[in-house]
1. Condition (residue is out of contact with any Pro (no Cβ under 7 Å at 6 or more places or on another chain), buried (at least 20 other Cβ atoms within 10 Å of the Cβ) and in the same structural domain as Glu234 (by TED's automatic domain parsing)) applied to the range 173-182: is it met by at least one residue?
2. Being under 20 Å from Phe100 (Cβ atoms) and at pLDDT below 95 is the requirement here; does Thr260 meet it?
3. Please verify whether the range 125-134 includes one or more residues that are assigned by TED's automatic domain parsing to the domain that holds Tyr219, assigned to a helix (DSSP H, G or I), more than 25 Å from Val8 (Cα to Cα) and in contact (Cβ under 8 Å) with a residue 24 or more places away in the chain.
4. Out of all the residues in the range 151-159, is one or more modelled with pLDDT of 95 or more and either in contact with a Cys (Cβ under 9 Å, 6 or more places away or on another chain) or exposed (fewer than 14 other Cβ atoms within 10 Å of the Cβ) (or both)?
5. Can you tell which of Arg185, Arg109 is of a type in the set (Lys, Arg), closer than 23 Å to Phe245 by Cα and crowded, with 16+ Cβ neighbours inside 10 Å?
6. Looking for something closer than 30 Å to Gly286 by Cα and among the small types (Gly, Ala, Ser) - is there at least one such residue anywhere in the range 109-129?
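The values are calculated or read from the model by the stated rules, or taken from the named source; none is laboratory data. Just so it is clear, the model here is predicted, and its values are computed rather than measured. Here Cβ is always computed from backbone atoms with ideal geometry, including for glycine, and neighbour counts include all displayed protein chains.
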Amino acid sequence: MANHNHWVEQQVPFRYCLSYFCLFRKNLRGRLSRLPLELASTSLPEPECPSSEFRNGVDFVGYQDYPITDRLPRLQHSAATIRYTLNQVHRYYIDLQGTFEQYLSACSRKTRSTVQRKVRKFADSNGGKLDCRVYRGVNQMLEYHKLARNIAVKTYQEKLFDGGIPEDQKFLSEMHDLAQRDDVRGYILFAGDTPVSYLYLPIADNILRYDYLGYDPAYSSSSPGTVLLYLALESLFQERRYRYFDFGYGENQTKQVFSTANFLRADIYYFPKTVANYLTLYGHAGLDSFSVACGRLFDSLHLKQRIKMIMRSKVLA
């Protein structure tokens, strides 16, 4: 394990949320190690507290995307630290070795048929054409960003959660740097002359990261997000340049449908034992548990989907 550790110092936002609503967030600075994706299937012991990485000005140290075989306790104490474990969910990815046809043949017949039917339906609604445009390089990515933002502002994710592709200067500067190194791809799906869906993929170490996917809700019946992802993957397999397409962690239907592999992972943080950290961590854990309990209650009463639909209709009206 030690041979694969690469420690970086960065800020991590701890979000205090109630269901879909973020009440506030607390930004903490930590020293972090993240294992390479190719080690995801490696059998690893539970990590130990990397006490040598504690530095002045650092709130915590820990591991992100650490593969685990079983779920760990949320909070665990040692003599000097509190271990706080978050995001114990599956991480999904696609192995981009081989051809697009081989990738499709590895999917179930039902999945393949469903996705390809959506692609044909979208083409039929646009005169038999599929217009998916790829953007790369500084000038093209600036044009891409304008088109993507025009789509993002129409979505409920943008209006409720700021969940669309960002427009702030920090993001634009990062995109510019990536584009200069040819380490980003942008995809836009058009219906006629109208951009209807966007996909943004930064690249590092031959891995494409699934950062932002959005679509115009006026075209939702045509599944533009699914169609765009299918066409983007076809293009990426043809490039034959990248090793993995990383969906990141979290459960949703898109990741389950398109991925070729997954593993259980966690973010494991070690905090010094202080009164302030007890309040921070137990407050965060308590609010999260309450939020999960509310979600289960809404599910049992069959209210969760109805609430989501009401939220979308109110925001998009």
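1. There is at least one residue in the range 173-182 that is out of contact with any Pro (no Cβ under 7 Å at 6 or more places or on another chain), buried (at least 20 other Cβ atoms within 10 Å of the Cβ) and in the same structural domain as Glu234 (by TED's automatic domain parsing).
2. yes
3. Within the range 125-134, none of the residues are assigned by TED's automatic domain parsing to the domain that holds Tyr219, assigned to a helix (DSSP H, G or I), more than 25 Å from Val8 (Cα to Cα) and in contact (Cβ under 8 Å) with a residue 24 or more places away in the chain.
4. The answer is no; no qualifying residue exists.
5. Just a single option satisfies the conditions, and that option is Arg185.
6. No - not one qualifying residue is present in the range 109-129.
Per-residue answers, yes or no, for (1) surrounded by fewer than 16 Cβ atoms within 10 Å (Cβ to Cβ); (2) aromatic (Phe, Trp, Tyr); (3) touching a Leu at 6+ places or on another chain (Cβ under 6 Å); (4) closer than 18 Å to His284 by Cβ:
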position	(1), (2), (3), (4)
Leu37	no, no, no, no
Ser51	yes, no, no, no
Arg55	yes, no, no, no
Phe60	no, yes, no, yes
Gln64	no, no, yes, yes
Arg71	yes, no, no, yes
Ala80	yes, no, no, no
Tyr84	no, yes, yes, yes
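Listed here are the residues, each with its yes/no results for (1) more than 24 Å from Ile68 (Cα to Cα); (2) of a type in the set (Gly, Ala, Ser); (3) within 17 Å of the chain's Cα centre (by Cα); (4) modelled with pLDDT of 95 or more.
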site	(1), (2), (3), (4)
Leu189	yes, no, no, yes
Pro224	yes, no, no, yes
Leu231	yes, no, no, yes
Arg240	yes, no, no, no
Gly250	no, yes, yes, no
Ser291	yes, yes, no, no
